[in-house]
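Every number here is computed from the coordinates shown, using simple stated rules; none is lab data. Not measured: the values here are computed from a predicted model. Cβ coordinates were reconstructed from backbone atoms using ideal geometry, including for glycine residues, and neighbour counts include every protein chain displayed.
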Amino acid sequence: MPNSLKQSLMDFQKEMKSQLLEDTFEVRGKRWTMRLLNEEETLWATSMMNTSTIVTSAVSAQLAHLAMGIREIDGSPIYEYFTEDWDKLEDRERAALLEMNRYALKYFVAEHMHSFLAEMPPEVTNDLWECWNKLLERREDAQAMAKKSSGETSQQASSES
């Protein structure tokens, strides 16, 4: 486990390469690997939000982001947990979904994960959300480092001029 300064530098490097931050967290005896969302995944998560009240907006945002952001549990990709459900679809149903959207399998898995998370006790999803927020904080730190770095570079360039 790298120290926090080294971790910030590694996160900064990933941000500069436009890679998504990922980490594995121990929650309730399971290892949950999470990766931040890209733009397309964020749009899906937003579409899953129930905005009828502030509370439902917050809870549904958490579930949707976790459903898409959790990539593995105990080293097994999330897809493996829902392969049987996907295989139960008739061939023409699968083909229609895939023809409609190239991300159909990803969304199918995320929707099933969303349902799974919705049935978990709130304490578990709260613990997972705390881990998710750690990733978000790391991204913010890396972005701050990038801004600082680009500011220093700009000042040097203008000084040399």
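Quantify how much of the Cα-Cα distance distribution of the range 68-129 extends past 15 Å, in percent.
Values: 1069 of 1891 pairs.
Value for the range 68-129: 57 percent of Cα pairs lie more than 15 Å apart.
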Assigned charges on the beta-carbon of Lys, Arg, Asp, Glu; the range 23-150 dipole about Cα centre (debye): 500
Per 0.36 nm of contour for each residue apart, how much would the distance between Tyr103 and Glu90 grow if the chain were fully extended, relative to their Cα-Cα spacing? 2.9 nm
Assuming 0.36 nm per residue, please report the length gained on full extension of the stretch Lys148 to Thr83 beyond their Cα-Cα distance. 18.9 nm
How many percent of all Cα-Cα pairs in the range 23-150 sit more than 24 Å apart? 34
